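Here is the structure we will look at.
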Amino acid sequence: MKDFFEDLGKRLSETAEAVTAKAGDAIEIQKLKAQIRELARGNAEDLMELGQSIYDRFENGEELDEASKGLCEAIASRKESIEEYENKIEGLKGACECTRCGKMVAKDMAFCPYCGSPVVEEEDIFEADDLAQEAREEAEEAEEIVAEAAEAVAEAAEEAVDAVEESVKEETEE
């Protein structure tokens, strides 16, 4: 029985050593994975910075290779879409677009914080549009009146010229 317990003790000792070695390996693996993640994070940051510098060159109008230019154009398109969506969100919240600089301004502001121009509320814009339409219609009517008057003056001038010509003809014949 003594041999049994000695053999059991030996096996338990070997198993404990194996478990300890495996645990040490697992810890080492986790340390290495953490280092890999940190290096990958560093690469991602550097790649973002590199991409930003290429995009900045694109925005400044510098020449880029076709692949970079295509990616930059896609980014610019998405930026425009993002801005449109943000403007829609602001509009739903009650903000309006500045008529001068185009940025979104809170509805309770009297002046645009970006360019300083007075904020015109949508109702005022619609009223201004109505007034502009009325002014256009009145201008068209005035244009027609002026055209008719000019035509009448031209006809009268033509008749006067004809009358003068005839009178000159008659005088020369006499």
- [ ] Would you mind stating whether Asp46 is open to solvent by 90 Å² or more (accessible area, probe 1.4 Å), without any contact (Cβ under 8 Å) to a residue 12 or more places away in the chain and not β-branched (Val, Ile, Thr)?
- [x] yes
Open item on the list: Just checking, does the stretch 109-118 include any residue being open to solvent by 90 Å² or more (accessible area, probe 1.4 Å), touching an Asp or Glu at 6+ places or on another chain (Cβ under 8 Å) and not in a helix (DSSP H, G or I)?
Closed with: no
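Do we find a residue being farther than 24 Å from Tyr55 by Cα, of a type in the set (Phe, Trp, Tyr) and modelled with pLDDT of 75 or more anywhere in the stretch 113-124?
First, pick out the residues of the stretch 113-124 that are farther than 24 Å from Tyr55 by Cα: 113-124.
Restricting the remaining residues to those that are of a type in the set (Phe, Trp, Tyr) gives 114.
Retained after the next criterion (residues that are modelled with pLDDT of 75 or more): 114.
Yes, the stretch 113-124 has at least one match.
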Task: Those residues of the stretch 13-43 which are closer than 30 Å to Cys72 by Cβ and open to solvent by 100 Å² or more (accessible area, probe 1.4 Å), in sequence order - done: Arg37, Glu38, Leu39, Arg41
Open item on the list: Step by step: first the residues of the stretch 55-70, then only those that are more than 27 Å from Lys103 (Cβ to Cβ) and surrounded by 11 or more Cβ atoms within 10 Å (Cβ to Cβ), then the one that is farthest from the chain's Cα centre (by Cα). Which residue is that?
Closed with: Leu64
- [ ] Would you be able to say whether some residue in the stretch 80-100 is closer than 30 Å to Phe111 by Cβ, open to solvent by 90 Å² or more (accessible area, probe 1.4 Å), of a type in the set (S, T, N, Q) and under 39 Å from the mean Cα position of the chain (by Cα)?
- [x] yes
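The values are calculated or read from the model by the stated rules, or taken from the named source; none is laboratory data. Model, not experiment: these values are computed from the prediction. Methodologically, a virtual Cβ is constructed for each residue, glycine included, from the backbone with ideal geometry; neighbour enumeration extends over all protein chains shown. To get the accessible areas, we keep the full protein, side chains included, count just its heavy atoms, and leave off ligands, DNA and RNA. Shrake-Rupley method; radii C 1.70, N 1.55, O 1.52, S 1.80 Å.
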